[in-house]
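Just below is one structure, and these are the notes that go with it.
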Amino acid sequence: MSSTDPTRWTAAEMATALAGGDLSAVELTRAHLDRIAEVDGTAEDGVHAFLHVDADGALAAAGAVDAARAAGEAQHALAGVPIAVKDIMVTAGVPTTAGSRMLAGWVPPYDATVVRRLREAGLVSLGKTNMDEFAMGSSTEHSAFGPTRNPWDLERIPGGSGGGSAAALAAHEAPLATGTDTGGSIRQPAAVTGTVGVKPTYGGVSRYGLIALASSLDQGGPCARTVLDAALLHEVMGGHDPLDSTSLDAPVPPVVAAAREGARGDLAGVRVGVVRELDGEGYQPGVRTRFTEALAHLEAAGAEVVEVSCPNVEHALAAYYLILPSEASSNLARFDGMRYGLRVVPEGDAVTAEQVMGATRAAGFGDEAKRRIILGTYALSSGYYDAYYGSAQKVRTLVQRDFAAAFAEVDVLVSPTCPTTAFRLGEKLEDPLAMYLNDVATIPANLAGIPGMSLPVGLAEEDGLPVGLQVLAPAMADDRLYRVGAALEARLLAAWGGPLLDRAPALAAPARAGVPA
Ligand code: GLN
C-alpha cells in the first residue's frame, strides 16, 4: 500500500488490511466520514457527491462487522469496506430521492436487492450519492438539490447521471460506489473523473428497488477506482433475482478471476475491434491521442487490434431519445401526488384529482424530466407511434445486429467513452442536444443489452483532464471487459508510475470552489 492514509487505498487493499487486523472497520469508516466532512461541502462550495450521509448507520454497520470478525465468524472478503450508494437505489430507513423534488423526504420501507446484497456481504454504506433527476442527464446539473463538482476541477461537471458516485470515488470519499446505466450514466461519469465504471449485461444485476427510468435499458453496476475493485463489487451486486422478471437466470460471469488474469498484462490471442464510427470527427484531439496510445498498449500486450464497422451505431442516439422518453413517460406516471412523495393541492374548493396531479407534477419535476415526459407521451400517441417509437425499435434491432456481426470477428470492441473531457458547469445546460451528444459512444451498448466498461487512459494534453476508454463485449461475456481492462490498466499504471488520481490537482489540496487555494 502506497499511502498511510487508508482512504487512498484500493478496496482490495482495504479488505486485506481488515482481514489482517491492521485496522478495524470502524476506523476505516471514520476515515471516510472525516474525508467526506473535509471535501464534500455543499453544492456551492464542495464536491457535493452526497445527498445524504448516514454516519450513524455506517458506524453501526462497521461495528457489527468488527464484532463478527472478533467472534471468529466467516465473512465476505469485502466485509467492512465502505461504499456509496446512488440515490436511485431504495434503502430501507434511509432517504431516497432519485435527485428529484418529487421524492424529497421519502424514506423507503424496503431495500433494493442490490442494497440487500451489499448489506449481507458486510459492505458499509456511507450514504446516498447525487444524480441527475431520475437519472436523466450527463452532468448532475439536473439534480433538484444542486450539482456535484468534478474533483479534478471544481468548476467542471463530474458526468451524469451518476456524477455523485464517480466524484465520491475520485475525491477518495469512498473506495466503491454503485451506479445505474441507461445510456452511459456509469461509464461517462467514470470517464470524466478518471475512475472505472461497468455497465453489466442487461439482466445481470437486479433492477428490483432501482427507481425506473427506461426499463428495457436500465442496468445497475459497479463503480470503483480500479478494475479489480469493480470486479469484486460486480460479483456482490450481480446474479439472478426472482423479484426482477428480466433478471438473467445465470451465474455472474467470472469477473474477479478475469481481472486477476488480465492484471498479468498478457492479451495474446485476444482480438480487439476499434469501432470506426465511434472516433474521429467531433472527438477532442486529446481524447483521440490517449485512445490511440491505449491501442498501442493493447497491441504491446499481445492483442490483435483491427478496425470494424458498426454502421447503425450512428443512429443509436436518435433511436435512444425516442425509446428512453417513451419508457420514461410511462414509468414516471406513477409520480402522481397520490401514491408517493410530493403532493401539491391547489387552492380552492372542490379541487379534482386531476388538478392535484397537475399541480404536483408541475412542482415536482424539473425541466429535463418534463421535456422527456412530453416527448415520450408524444412519441407514443396514436398516429405517431409507428413513425417514431416503431422506427426507433427497428433501429435498435439494427444496432444489435451490427454488434452481433462485429463480435463474430473480434472478442471485444473499444472506443473512447466520450467525445470530450469534463465540460464546465453550465456549459451545456441551455442546450439539451449538446448534452445528449456526450453519450453518443455509450448509448449503443444499452440499446443492444451488451456489457461495457470505462477505464482511465490518461489526461488530455489541452486541459489536463481524464480520458476514458470504453470496452464492449457480447452479452454474458462481462468477464472479457475485466480481462482486457485489467491488462490495459496494469500497463498504464506501470507507465504512469502510480494511479492517475494521484495527479488530480483539486485532490492534493481540496480547495473549496470559488475560494482561492
Ligand atoms: N445521459 C444519458 C441520458 O441523459 C444517460 C442517462 C443514464 O444512463 N441514466 O439519458
Original post:
How would you rank Glu314, Glu235, Glu133, going from fewest to most other Cβ atoms within 10 Å of each one's own Cβ?
Top reply: Glu314, Glu235, Glu133
**OP:** Let me know the shape class of segment 385-517, please: from the alpha-carbon gyration tensor, a ≥ b ≥ c as square roots of the eigenvalues, rounded when a/c is under 1.5, otherwise prolate if a/b is greater than b/c, or oblate.
**Re:** oblate
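Under 1.5 on a/c is rounded, so check that first for segment 125-230, then, if it is not, pick prolate when a/b is larger than b/c and oblate when it is not; a ≥ b ≥ c are the square roots of the alpha carbon gyration tensor eigenvalues.
Values: a/c = 1.72, a/b = 1.22, b/c = 1.41.
Oblate, because a/c is 1.5 or more while a/b does not exceed b/c.
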**OP:** Starting at the first residue of segment 93-105, write each ³J(HN,Hα) from the Karplus equation 6.51 cos²θ - 1.76 cosθ + 1.60 with θ = phi - 60°, in whole Hz, x for Gly and Pro.
**Re:** x, 10, x, 9, 10, 6, x, 10, 4, 4, 10, 3, x
Original post:
Any idea what log10 I(q)/I(0) is at q = 0.14, 0.18, 0.22 Å⁻¹ for segment 270-322, Debye with uniform C-alpha scatterers and no solvent?
Top reply: -0.46, -0.70, -0.91
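Past the 33 angstrom mark, what percentage of all C-alpha to C-alpha distances in the chain do you count?
Details: 44635 of 133386 pairs.
For the chain, the fraction of Cα-Cα distances above 33 Å is 33 percent.
Please report the antiparallel percentage of DSSP beta bridges with both residues in the chain, rounded to the nearest 5. Walk me through the intermediate numbers first.
Numbers: 29 of 43 bridges.
Here the share of antiparallel DSSP bridges comes out near 65 percent.
Please report Asp229, Asp266, Asp56 as a ranked list, fewest other C-beta atoms within 10 angstrom at the top and most at the bottom.
Numbers: Asp229 26, Asp266 15, Asp56 8.
So the residues, fewest neighbours to most, are Asp56, Asp266, Asp229.
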**OP:** Determine the principal axes of the Cα atoms in segment 32-160, then give the extent along each, sorted from largest to smallest and rounded to whole angstroms.
**Re:** 47, 30, 21
Original post:
Using θ = phi - 60° and the Karplus form 6.51 cos²θ - 1.76 cosθ + 1.60, what ³J(HN,Hα) does each residue of segment 358-364 get, whole Hz, x for Gly and Pro?
Top reply: x, 5, 5, 6, 5, 7, x
**OP:** Quick one: which residues, 5+ away or cross-chain, put their amide H under 5 Å from the amide H of Val305? H built at 1.01 Å from N.
**Re:** Val272
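Using alpha carbon coordinates only, what is the Rg to Rh ratio of segment 403-478, with Rh defined as the Kirkwood radius? Can you show the working numbers first?
Numbers: Rg = 14.3 Å, Rh = 13.8 Å.
We get a ratio of 1.04 for segment 403-478.
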**OP:** Indicate the gyration tensor shape class of segment 1-52 (rounded, prolate or oblate), computed on the Cα atoms with a ≥ b ≥ c the square roots of the eigenvalues: a/c under 1.5 is rounded; otherwise a/b larger than b/c is prolate and the rest oblate.
**Re:** prolate
Original post:
In which sequence would Lys128, Lys86 go, from the one with the fewest C-beta neighbours within 10 Å to the one with the most?
Top reply: Lys128, Lys86
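Coordinate-derived values only; no laboratory data. It should be emphasised that the depicted structure is a prediction, and the values quoted were computed from it without experimental measurement. With ideal geometry, Cβ positions are generated from the backbone for all residues, glycine too; neighbour counts draw on all protein chains shown.
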